[in-house]
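The values are calculated or read from the model by the stated rules, or taken from the named source; none is laboratory data. Values in this document were obtained by computation on a predicted structure and should not be read as measured data. Don't worry about glycine lacking a Cβ; one is built from the backbone with ideal geometry, like all the others, and counts go over all protein chains shown.
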Amino acid sequence: MGKFGSAGVYSELTSVADDDELVANDVSDTTTSADGTTKYLQLSTVRTYARANAAQSVTLAAAATTIAVTSAFVIVTGDGGGNTIGTITGGVTGIPYVFLFVDGNVTITDTDAHSANTVDLAGTATNFTSADDTTLTLIYDGTSWYELSRSVN
Ligand SMILES: [Ca+2]
């Protein structure tokens, strides 16, 4: 059986008892082998990887300052009045997220302080301005985001 976790994460495993959540050395996660004995799951028995994601299309509302992600591939349409995005919520730790922009309406704020859900872009206090066909790839460390790369296409 498989289990889909949060955005961009798919953990494949065989049989799981109890809470079906895998945590290192969590003795509540057990599986029963063919001889009837209980085995404790170990992280080595789990393969976690980014799955092919359906694109998430986000159309920002006027004056919106946050993007809430549910996929690791996010197509962002800005509001005609412009959006300055200070936070991105919903990130899964360790998963790269690709943002594809379709207009020049979105500014991502470069926050170097690593406060919750903020984005630290290349450089210091150097914001990102979108344009049609540009991409921005970020990774979430459990608290905030870091730029991996960008491309002007
Ligand atoms: Ca920075």
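Within region 104-119, the residues that satisfy the criterion of being under 11 Å from Y140 (Cα atoms) and surrounded by fewer than 18 Cβ atoms within 10 Å (Cβ to Cβ) are H114, A116. Within region 88-116, the set of residues being more than 15 Å from the ligand (Cβ to nearest atom) and of a type in the set (S, T, N, Q) comprises T89, T93, N105. Which one is farthest from the ligand (Cβ to nearest atom), of the residues in region 117-153 that are outside any loop (DSSP other than H, G, I, E, B) and among the acidic types (D, E)? This residue is E147. Considering only region 85-98, I want to know if a residue exists there that is at pLDDT below 95, under 16 Å from the mean Cα position of the chain (by Cα), loosely packed, with under 15 Cβ neighbours inside 10 Å and at positive phi. Looking for residues that are at pLDDT below 95, under 16 Å from the mean Cα position of the chain (by Cα), loosely packed, with under 15 Cβ neighbours inside 10 Å and at positive phi, one finds at least one in region 85-98, hence yes.
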